[in-house]
Amino acid sequence: MTLSPEQIERQLHRILPTVAKPGRYVGGEYNQITKDWEGAAFRVALAFPDIYDLGMSNLGLMVLYDIINKRPGLLAERVFCPWSDMEDAMRRAGLPLYALESKHALADFDLIGVSLPYESLYTNALALLDLAGLPVRAEARDESMPLVIAGGHATFNPEPVADFIDAFVIGEGEEVILEIVDALCVAKSKGRNRSEQLRALAQIGGVYVPRFYDVAYHADGRVQAVAPNIPGAPVRVVKRIVPILPPPPTRLLAPNIDIVHNRAPIEIMRGCTRGCRFCHAGMVNRPVRERPVEQIIEAVEAIVRATGFEEIGLLSLSSSDYRDVHRLVDEIGARFRDRNLSISLPSLRIETTSAELMDGLADSRRGGFTLAPEAATEHMRSVINKYVPDAEVLETAREIFARGWRTIKLYFMIGHAGETEEDVRAIAELARAVLAQARPFHGKKAQVNVGVSTFVPKPHTPFQWVPLAAREDVEAKQALLRRELHGPGLKLSWNDYDETRLEAFLSRGDRRVGAVIEEAWRRGARFDAWQDCHKPGAWAEAFEAVGLDPGFYLYRQRALDEVFPWDHISPGVKKAYLVEDYLMAQRAETRADCREQCFACGILPEFIPLRRETPVEAWRCPPVSRQRRRTTQGEKELNHE
Ligand code: SF4
């Protein structure tokens, strides 16, 4: 029997004075939606498996909160992972995890929706279920317990967490979440049991129910197949997309405490077709869909009125590629300048970050200007398909410094196949060259912060066949950069290799890795996304205890026809297209942005019905008729022709 909201409130009053940032645990924010619990036909807990400070900046959670609560009879409330001091206090007090709005225990809800944007949240997801008093393994949860579903970028390879989650939403949730709730309301009203409810979910496009799929392995441990074990479960689960982005949420909650991004987020565009070969988000979020400028301006107006936020974040994977970006920035600037509103426009591409755009953002100048060349030589930028000439990088830097920014953040990645010591050394040289662009404007007062991450070969990308770079190789390159990249105005940061390893085996794992995740969690792994909390030892012991070799997942070059643990999950982009792109990378051949020329990546054939329903301007893929159907080299390779 779970505690009542009143009992939970009483316990909270005793605990909160003893923990850090109690504002994380109380709810009651401006614009919080508290609906009548008894009057609700169906109750959804939206859980973000990290602390309030991060979860409250998650746009996906806000979008679902808005959509579900807008539906009469439905109720959605928020749940975040408590920080370790609060988790300990809750366990000592026997206080179950609860939702912020009504203080109902998580176990009281009909459905728990867990957001999994990245893999290092997996142990927190188990902690969240355990703190709710629910068994972490899906098969151990009985009829009285809520169903647990998950969505987010990480779930494009759902297998490592398949043992803990009843069903996954592959792709975009705006429409499918209501289809799921409706199907469960019907099943509930007909007294259907848990398995029957899950069979109903398996019929919904984009929903993957892992218990209805068996995994077969070859003798050497490679996956042989992931196949349905009930009629009606699709062989391949194709992601969901919303053909036209619905208006963004505007009655945003004003957080109780400072959060990671203290700004109002508006997604101006979804998808990116630049085709960077390492980029998971770019491959799984196709096609490109844009929101009209008018709709965005209206949303800014509504948000300013409803929340009082002083900064708007215009978000997308590549905002300077948004067709009307100049008009958008100018119109927001003109309309809201006297209301002290600043605009941030993260993820700008060097090629399309014009001086004009910088001018439009100059009033909002805060902190540094971010550029992500990712590689420091033109050759490596061709390999990863993020080509831009060196001269253009320097020209853009000069324009930025000329407009008053004193700090530029440069992002690079090391660890790509075929990368040479020269390619790494060039990072230091390019950073120095960028800093030199500031001299005429800021003398010695400028700063270049260089962030160097380690490449992780992600599922559903052209690089999914390559191994992770070895520790000694990566650490030698990091040491070279520490030697080469220092001095006034230069600052270097890099990724810890243990974190890279974790991300790699969690994103490339198969269903057997689930046991490792549970073992690591039982050995104390939590908050793995936080450098000072990540426990590599617990993970090493977990692999040993389970008898799996992490190297099998990390360091093997894959054959082009190897079956991946995620091959039964389709992002719409064909595997043959990824093979072709991978082979082009080996020849350092670039591929243009497909808004200029379609390469038949597979999105259109997959979503033709939706394409036909949408007005042309909303969707940047060309009409089907202009699709050049051709036999790609990739298909030849895969079909062994
Ligand atoms: S269908 Fe063509 S235009 Fe659309 S995302 Fe794929 S390659 Fe690009």
Please go through the stretch 138-175 and pick out each residue that is of a type in the set (D, E, K, R), under 19 Å from Ala76 (Cβ atoms) and touching a helix residue (DSSP H, G or I) at 6+ places or on another chain (Cβ under 8 Å). Asp166, Glu174
Within the stretch 506-528, is there a residue that is open to solvent by less than 10 Å² (accessible area, probe 1.4 Å), modelled with pLDDT of 95 or more, in contact with a Ser or Thr (Cβ under 6 Å, 6 or more places away or on another chain) and charged (D, E, K, R)? yes
Would you mention how many residues in the stretch 586-597 are at pLDDT 85 or above and either within 14 Å of the ligand (Cβ to nearest atom) or open to solvent by less than 20 Å² (accessible area, probe 1.4 Å) (or both)? 4
Picked from the stretch 64-88 (must be closer than 16 Å to Ala20 by Cα and open to solvent by 10 Å² or more (accessible area, probe 1.4 Å)), the residue nearest to the chain's Cα centre (by Cα) is Phe80
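The rows are residues; the columns are (1) within 26 Å of Leu357 (Cβ to Cβ); (2) assigned to a helix (DSSP H, G or I).
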| site | (1), (2) |
| --- | --- |
| Ser382 | yes, yes |
| Glu392 | yes, yes |
| Thr396 | yes, yes |
| Ile400 | yes, yes |
| Met413 | yes, no |
| Ala417 | no, no |
| Ala431 | yes, yes |
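Output the helices (runs of 4 or more DSSP H) that fall wholly within the stretch 451-566 and possess 2 or more residues being out of contact with any Lys or Arg (no Cβ under 7 Å at 6 or more places or on another chain) and basic (Lys, Arg), or say none. Steps first, answer last, please.
On the way: elements: 471-484, 497-507, 513-522, 536-546, 550-554.
The qualifying helices (runs of 4 or more DSSP H) are 471-484.
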Count, please, the residues in the stretch 270-300 that happen to be farther than 15 Å from Ile343 by Cβ, outside any loop (DSSP other than H, G, I, E, B), open to solvent by less than 30 Å² (accessible area, probe 1.4 Å) and out of contact with any His (no Cβ under 9 Å at 6 or more places or on another chain). 4
Residue under evaluation Val448, criteria (1) open to solvent by less than 10 Å² (accessible area, probe 1.4 Å); (2) assigned to a loop (DSSP other than H, G, I, E, B); (3) of a type outside the set (Lys, Arg), criterion not met: (2)
Out of (1) of a type in the set (A, V, I, L, M); (2) farther than 20 Å from Phe309 by Cβ; (3) touching a residue at least 12 places away in the same chain (Cβ under 8 Å), the one Ile33 does not meet is (2)
State whether the residues of the stretch 249-259 include one that is at pLDDT 90 or above, outside any helix (DSSP H, G or I), under 24 Å from Tyr577 (Cβ atoms) and open to solvent by 30 Å² or more (accessible area, probe 1.4 Å). no
What number goes with the only condition from (1) more than 16 Å from the ligand (Cβ to nearest atom); (2) surrounded by fewer than 20 Cβ atoms within 10 Å (Cβ to Cβ); (3) part of a loop (DSSP other than H, G, I, E, B); (4) at pLDDT 95 or above that Leu583 does not pass? (3)
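Looking at this structure, is Ile343 part of a helix (DSSP H, G or I) and more than 16 Å from the ligand (Cβ to nearest atom)? Lay out the reasoning, then the answer.
Working: part of a helix (DSSP H, G or I): no; more than 16 Å from the ligand (Cβ to nearest atom): yes.
No; evaluated as a whole, the condition is false for this residue.
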Contact list, first residue from the stretch 598-612 and at pLDDT below 65, second anywhere and more than 7 Å from the ligand (Cβ to nearest atom), beta-carbon distance below 9 Å, six or more apart or interchain, is Ile608/Val624; Arg611/Pro243; Arg611/Trp619; Arg611/Pro623; Arg611/Val624; Arg612/Val624
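Taking the stretch 223-244 only, how many residues are in a loop (DSSP other than H, G, I, E, B) and more than 16 Å from the ligand (Cβ to nearest atom)?
8
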Whichever residue in the stretch 56-84 is free of Cβ contacts under 8 Å to residues at least 60 places away in the same chain and in contact with a Phe, Trp or Tyr (Cβ under 6 Å, 6 or more places away or on another chain) and, among such residues, is nearest to Ser102 (Cα to Cα): Ala76
Within the stretch 247-302, considering residues that are among the β-branched types (Val, Ile, Thr) and within 18 Å of Glu596 (Cα to Cα), the one farthest from the ligand (Cβ to nearest atom): Val288
Conditions (1) buried (at least 20 other Cβ atoms within 10 Å of the Cβ); (2) under 16 Å from the mean Cα position of the chain (by Cα); (3) β-branched (Val, Ile, Thr): number failed by Val329: (2)
Within the stretch 314-336, considering residues that are hydrophobic (A, V, I, L, M, F, W, C) and assigned to a helix (DSSP H, G or I), the one nearest to Ala281 (Cα to Cα): Val325
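The values are calculated or read from the model by the stated rules, or taken from the named source; none is laboratory data. Since the structure is predicted, the reported quantities are computational estimates derived from the model, not experimental observations. Note that each Cβ is placed from the backbone with ideal geometry, even for glycine, and that neighbours are counted across all protein chains shown. Accessible surface areas use protein heavy atoms only, side chains included; no ligands, DNA or RNA. Shrake-Rupley method; radii C 1.70, N 1.55, O 1.52, S 1.80 Å.
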